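The values are calculated or read from the model by the stated rules, or taken from the named source; none is laboratory data. Bear in mind that the values here come from a model prediction, so they are computed numbers and not experimental data. FYI the Cβ positions are ideal-geometry reconstructions off the backbone, even for glycines, and counts take in every protein chain you see.
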């Protein structure tokens, strides 16, 4: 079997923060009218 | 049933519960697909992933990695350990230590979705798909493009990273009621993601 590629891991750059990644996600969701606020795993509210 | 983790601490139990909930919120067809390729097990650990992966390999009677590989894996927040068909997540990673509990939960779920997307991509992408990585990365949303570039992935890893990141993002979106092709996602990436993951929202 093929050995693990060393970059099969999820890595952030040295200057990247978790908040930066989530902020980029949030911007995309917001652009289509979706509230990006994390509310856990609750079911989405009907609009 | 996914492998359950050792719940040695309260924090560990919480992170494990997060991954369990992330798993349950996958579309049924995706869970079945992940099970079919053997990517339905995970473990949340509190140690660098190079060290954790080595322990898993040795306990399975397999050869460990060279020190250089282990050192690189130690930087990861999550890995798909394909030799043993298990996702490992390091909840004690320094990048997670900097955030509040809500952000931490969201990001741990995101890592899990990323790794499941990654496992599907590795199992199902063709050589042509892999070769198209640089172009796909150029078509990806800016946030994904920047993360992949800044983390130093190689061009042959771009396709898998684009699929995995997009998959994680679509899961976040799905949790909030979003469905269908997002306006911000290029047709080519959406088509490939649907083919690789059987995404059918």
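How many of the residues making up region B:114-132 are in contact with a helix residue (DSSP H, G or I) (Cβ under 8 Å, 6 or more places away or on another chain) and either closer than 27 Å to residue A:30 by Cα or in contact (Cβ under 8 Å) with a residue 60 or more places away in the chain (or both)?
The qualifying residues number 11.
Scanning region A:1-31 for residues that are modelled with pLDDT under 95 and exposed (fewer than 14 other Cβ atoms within 10 Å of the Cβ), which turns out farthest from residue B:169 (Cα to Cα)?
Out of the qualifying residues, it is A:1.
Where in region B:112-185 are there helices (runs of 4 or more DSSP H), lying fully within it, with 2 or more residues that are in contact with a strand residue (DSSP E or B) (Cβ under 9 Å, 6 or more places away or on another chain)? Walk me through it before giving the result.
Numbers: elements: B:127-131, B:133-139, B:142-150, B:158-175.
By residue number, B:158-175.
Looking at B:172, B:136, can you tell me which residue is more than 7 Å from every other protein chain (Cβ to nearest Cβ), at negative phi and in contact (Cβ under 8 Å) with a residue 24 or more places away in the chain? It would help to see each step written out before you state the result.
Numbers: B:172 fails: more than 7 Å from every other protein chain (Cβ to nearest Cβ).
Checking each option against the conditions leaves just B:136.
Just checking, does region B:116-132 include any residue being surrounded by fewer than 23 Cβ atoms within 10 Å (Cβ to Cβ), under 20 Å from residue A:19 (Cα atoms) and within 8 Å of chain A (Cβ to nearest Cβ)? Working first, answer last.
Of region B:116-132, the ones surrounded by fewer than 23 Cβ atoms within 10 Å (Cβ to Cβ) are B:122-132.
Add one more test, that the residue is under 20 Å from residue A:19 (Cα atoms), and what stays is none.
Within region B:116-132 (the criterion being surrounded by fewer than 23 Cβ atoms within 10 Å (Cβ to Cβ), under 20 Å from residue A:19 (Cα atoms) and within 8 Å of chain A (Cβ to nearest Cβ)), the answer is no, since none of the residues qualifies.
Please go through region B:189-201 and give me each residue that is exposed (fewer than 13 other Cβ atoms within 10 Å of the Cβ) and part of a helix (DSSP H, G or I), ordered by number.
Result: B:191, single match.
Which residues, counting only those in region B:139-156, are buried (at least 19 other Cβ atoms within 10 Å of the Cβ) and either within 20 Å of residue B:183 (Cα to Cα) or in contact (Cβ under 8 Å) with a residue 24 or more places away in the chain (or both)?
Those that are buried (at least 19 other Cβ atoms within 10 Å of the Cβ) and either within 20 Å of residue B:183 (Cα to Cα) or in contact (Cβ under 8 Å) with a residue 24 or more places away in the chain (or both): B:140, B:141, B:143, B:144, B:145.
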